[in-house]
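Inspection log for the structure reproduced underneath, given as structure tokens.
The values are calculated or read from the model by the stated rules, or taken from the named source; none is laboratory data. Model, not experiment: these values are computed from the prediction. All Cβ positions, even for glycine, are placed from backbone atoms using ideal geometry, and neighbour counts span all protein chains on display. What goes into the accessible areas is simple: the full protein's heavy atoms, side chains included, and nothing from ligands, DNA or RNA. Shrake-Rupley method; radii C 1.70, N 1.55, O 1.52, S 1.80 Å.
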Amino acid sequence: MKKNVWMCAIAAFSCGLAMSFTSCESEDNPVKPADEPQAKMRVLTFEDEDYKAGDNIVGQKNWTSLVDDAQYDGTLLYNSEAEEYYWNDENNTFLAFHTQFYPFWSGGQAVSNYVEQDLSKANYTTQLAVPTNGGHDGSKNFCIHFGYSGYTGPTGLPGIYFMDGVERVIDHMYVTNTSYVLNSLKNGDGFSQPLPADGWFKIIATGYNTDEEVTGTAEFYLAKDGKIVDDWTLFDLSVLGKVLMVRFDVDGSDKGQWGLNTPGYFAYDDVAVRFE
């Protein structure tokens, strides 16, 4: 029953947000420095030893069981019978993700531990892989974001939210390009061209409070000025202030008739949340 309550609440919240996506900066949310005593950090690591929630969507108490059995067209993310995919970090950061309507077809946040360092094999069939040795700081698991403006489901851009309904400051997360995106940026694929020296590709994070108002935006360039990110790098999200939800978008300079040509993915790990 508890699960159904928070899932219904976030579904309603998501539908409201999907109606309006205005980007702005807020000056009404002073953020306490991370080194102040009252700002204690809790980190969403996606590692099994840090799992503190109850049974997950497959009835287990770990993160690894949420990794799909195939990177593309797997039973968790693409099986129409599943209809939804969700995870939560209850009793730790309280961050969560929930999606419905064919979970990963139109965007989502999928737990992963896939690695692909041979870029010649990096394509949509390896969409959940990273080009590193695994997660940030040598960990096993991480999360893959897929979704961008112009290619989203009924509830809008994918995002993470606090399942207990409390606004908090998400201090930072670590991000990197996926193997699929890295190959596209470096070598091009059937849709995109190799990124030119003046090309760019970035993440856009937008925060929302409990009143569904935008608290701020933050950007991180995964490729710019001839440099392409291929390892875990800190993305500061504290500028968003206290949020209930953060939605993620990706954008780039390589666009065509149907919008963004670069695959709309990035990987993230070790999401740090401030607890006062």
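Centre-to-centre, using Cα atoms only, segment 236-276 and segment 101-149 are separated by 14 Å. First check a/c for segment 109-182, with a ≥ b ≥ c the square roots of the eigenvalues of its C-alpha gyration tensor; if it is under 1.5, answer rounded, and if not, answer prolate when a/b is larger than b/c or oblate otherwise. Note, shape of segment 109-182 comes out oblate. Remark: segment 202-209, residue by residue, has Karplus-estimated 3J(HN,Hα) of 9, 9, 10, 9, 10, x, 9, 9 Hz, where x stands for each Gly or Pro and the curve is 6.51 cos²θ - 1.76 cosθ + 1.60 at θ = phi - 60°.
The portion of the accessible surface of segment 131-224 made up by carbon and sulfur, rounded to a whole percent, is 45 (1.4 Å probe; DNA, RNA and ligands excluded). For segment 145-276, the gyration tensor built on C-alpha atoms gives a prolate shape. Its axis ratio a/c (a ≥ b ≥ c) is at least 1.5, and a/b is the larger of a/b and b/c. Summed over the residues of segment 180-220 and divided among them, the accessible surface reaches 43 Å² per residue at a probe radius of 1.4 Å.
Annotated for segment 180-274: lysine pairs at least 8 residues apart or interchain, Cα distance under 24 Å, count 10.
In order along segment 246-263, the Karplus-derived 3J(HN,Hα) couplings, from 6.51 cos²θ - 1.76 cosθ + 1.60 at θ = phi - 60°, round to 10, 9, 10, 10, 10, 8, x, 7, 8, 10, x, 4, 9, x, 4, 8, 5, x Hz, and Gly and Pro are given as x. Summing +1 for each Lys or Arg and -1 for each Asp or Glu among the other residues whose beta-carbon sits under 9 angstrom from that of Asp89 gives 0.
Shape class of segment 44-175 from the Cα gyration tensor (axes a ≥ b ≥ c, square roots of the eigenvalues): rounded, since a/c falls below 1.5.
Return the FRET efficiency for the residue pair Tyr72, Lys202: r is the Cβ-Cβ distance, R0 is 30 Å, and the value is rounded to the nearest 0.05. For Tyr72 and Lys202, the calculated efficiency is 0.75.
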